[in-house]
Amino acid sequence: MDKLALYMSYPFVRYAVIVGVLIALCSSLLGVTLVLKRFSFIGDGLSHVAFGAISIAAVLSLTNEMVLILPITIVSAILLLRTGQNTKIKGDAAIAMISVAALAFGYLIMNIFSTSSNLSGDVCSTLFGSTSILTLTKGEVALCAILSVIVIAIFVIFYNKIFAVTFDENFARATGVNAGAYNLMIAVVIAVIIVLAMNLVGSLLISALVIFPALSAMRLFKSFKSVTICSAVLSVICALAGILTSILAGTPVGSTIVAVDVAAFGICALVGMLKKG
Amino acid sequence: MSYIEVKNLSVGYDGVAVEKNINFTVGKGDYLCIVGENGSGKTTLMKTLLGLNDPLRGQIIFGEDLTKNEIGYLPQQTEVQKDFPASVQEIVLSGCLSACGLRPFYNKAEKALADENIRRMGIEDLKSRCYRELSGGQQQRVLLARALCATRKVLLLDEPVSGLDPKVTASLYELIKDLNKEGITIIMVSHDIEAAVKYASHILHIGDELFFGTKTDYLKSSAGKMFTDSKKEVN
Ligand SMILES: Nc1ncnc2c1ncn2[C@@H]1O[C@H](COP(=O)(O)OP(=O)(O)OP(=O)(O)O)[C@@H](O)[C@H]1O
Ligand SMILES: [Mg+2]
């Protein structure tokens, strides 16, 4: 406990905790919708796209990577959710296609053009989450906080619309709800979340942050509202526990958070089974 | 001027017509039944009326202070996944969404309307139950309550009684009849020609032979004769 208090007195640790919790909260909110729309893997696909974008940014040696990463990821998100509606190209195939392609090209580009001496280290940290969450500057924390607040606000304001579009898109469209616009909004928001979350858990583990809290909550609750609230709460608790454990035990941040999420899912599944039987 | 006027409408998918030259009008307070064999394009026509599919040719004219989003809709199949967590109340309330416009939350009147429709469908005791755990007939009532929240004018029903037992079917027909009496215009797809003839004021027959007219005209027409004859054979 003393050790924890000591660590918490460092601003960079506090920043990491704040950012981690905010990202976990945001990703869990849309997680429910994505899981139900059968887009569990969009997090994976998009983060690989972001990985590709990062490698391009690195090759171009851009100082501000975000100007490249965010637009590319948003465009891919829009394209992916578009094809999802078109039943002829199944959403999961499209995501798999884009995701592996971006991963391969990203690594290829990095390999061919990179001037860094520690290539595999760079790649590893983008894939599994870097320690950069512990080296966040005040500006980055502020940016992350602002984006998170925007994401949460959008979710709350459009909560009823998101529910209707997720539950029965045809009915929503038939009664004059602009489902296309809301799908677009969901795509943009999820792209922003992914780019934010890459710092935290890296591109291979992002899906865990998006889907585990939602799946856990769905074991326990039966209405959309309670599932959403439960998954948000779970996600925040798991992120907090994961970050603190990783600081105390010196384990990698991303995988520790995911491990806690998995454990929480196990507990929820068990409780859900006991409740039923 | 009628509520909905359909002129030379062709419906289909990807430029290929399923049914051509459909003409009919629906007036305020009408009860129109759409009949025809499997695959004749009834659902496609419904979707086109709702704006979910684009018409290939022809026109759909909405008249008399009826706008497109004032139509309630009960789909033939809802592609709701098995694991979707949603309570009955949440689903019924989502029917009020188009009335909300850009307002983020439902107001008191809309919540009251949802409660009212839940009561009308006799599913008050299911209000906080999970939709996916209901029986087919119960689910149908929930979706009908939702459709009622979306409209006070026109209700489109695509085979509302398929898969329901005779008792529930009869009560659902009575319910729809009452709604019609209250002034809601009904457009219903049905295979149940007997019920169609019993309840409807107008009949649209699509398939190889197109027919539109009042119920009495239909029974005299060749399309109607075909149907009534086949019924005699079965009996
Ligand atoms: N999404 C689709 N894409 C292409 N063709 C379709 C699609 N849906 C239906 N069809 C075709 O359009 C035709 C009409 O289908 P529709 O669903 O309108 O029939 P229906 O009259 O409602 O039949 P049922 O009585 O079985 O409900 C069928 O031949 C069907 O194969
Ligand atoms: Mg049909």
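Below, the figures for the structure above:
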quantity: Inter-label distance for A:PHE113 and B:ARG103, nm, one decimal - labels placed 7 Å from Cα along Cα-to-Cβ; calculated: 5.3 nm
quantity: Greater than 22 Å apart at Cα, pairs in A:LYS276/B:LYS127; A:LYS225/A:LYS276; B:LYS177/B:LYS215; A:LYS222/B:LYS108; calculated: A:LYS222/B:LYS108
quantity: Part-to-part distance (alpha-carbon centres) for the stretch B:149-203 and the stretch B:1-32, which is given in Å; calculated: 19 Å
quantity: Relative contact order computed over chain B (Cα-Cα under 8 Å; 6+ residues apart), in percent; calculated: 27 percent
quantity: Anisotropy class of the stretch B:142-202 from Cα gyration tensor, a/c 1.5 cut; calculated: oblate
quantity: Rounded percent of accessible protein surface that carbon and sulfur make up, the stretch A:2-276, 1.4 Å probe; calculated: 73 percent
quantity: Relative compactness, the stretch B:1-135, computed as alpha-carbon Rg over 2.2 N^0.38 Å; calculated: 1.25
quantity: D (Stokes-Einstein, µm²/s), Kirkwood Cα radius, the stretch B:77-152, 0.890 mPa s at 25 °C; calculated: 197 µm²/s
quantity: Sequence-distant aspartates and glutamates (8 or more away, or on other chains) whose Cα lies within less than 15 Å of B:LYS167; calculated: B:ASP192
quantity: DSSP-defined antiparallel bridges as percent of all bridges, the protein assembly as shown, nearest 5; calculated: 50 percent
quantity: Local electrostatic count, B:GLY58, Cβ distance below 14 Å [Lys/Arg +1, Asp/Glu -1]; calculated: 0
quantity: Given chain B, longest segment not containing exposed loop GluC sites (Glu not before Pro) (DSSP; at most 14 other Cβ within 10 Å); calculated: B:80-181
quantity: Above-threshold pairs, the threshold being 29 Å between Cα atoms, out of B:LYS7/B:LYS153; B:LYS42/B:LYS198; A:LYS37/B:LYS153; calculated: A:LYS37/B:LYS153
quantity: Cα-based shape type of chain A, given that a ≥ b ≥ c are square roots of the gyration tensor eigenvalues and the cut on a/c is 1.5; calculated: oblate
quantity: Mean projected area in nm² (Cα convex hull; one quarter of hull surface) for the stretch B:92-235; calculated: 10.6 nm²
quantity: Counting DSSP beta bridges with both ends in chain B, the antiparallel % (nearest 5); calculated: 50 percent
quantity: Spherically averaged projected area in nm², based on the convex hull that wraps the Cα atoms of the stretch A:186-277; calculated: 6.3 nm²
quantity: Relative contact order computed over the stretch B:77-152 (Cα-Cα under 8 Å; 6+ residues apart), in percent; calculated: 48 percent
quantity: Surface accessible to a 1.4 Å probe, B:ASP83 within the full protein complex, Å²; calculated: 50 Å²
quantity: Cα-derived Rg over Rh, computed across the protein assembly as shown with Rh taken as Kirkwood radius; calculated: 1.07
quantity: Cβ-placed point charges (K, R +1; D, E -1), dipole of the protein assembly as shown about Cα centre in debye, nearest 20; calculated: 660 debye
quantity: Options A:GLY43, A:SER203, A:LEU248, ranked by Cα towards positive dipole end of the stretch A:2-276, top entry (Cβ charges); calculated: A:GLY43
quantity: Estimated [θ] at 222 nm from DSSP helical runs (n ≥ 4, -39500 (n - 2.57)) normalised by residues in the protein assembly as shown, nearest 500; calculated: -20000 deg cm²/dmol
quantity: Relative contact order (%) - chain A, alpha-carbon pairs under 8 angstrom, separation at least six; calculated: 31 percent
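The values are calculated or read from the model by the stated rules, or taken from the named source; none is laboratory data. These numbers were taken from a predicted model, which means no experiment stands behind them. Note that we place each Cβ from the backbone using ideal geometry, even for glycine, and neighbour counts take in every protein chain shown. Heads up: the accessible areas ignore ligands, DNA and RNA and are worked out on the full protein's heavy atoms, side chains in. Shrake-Rupley method; radii C 1.70, N 1.55, O 1.52, S 1.80 Å.
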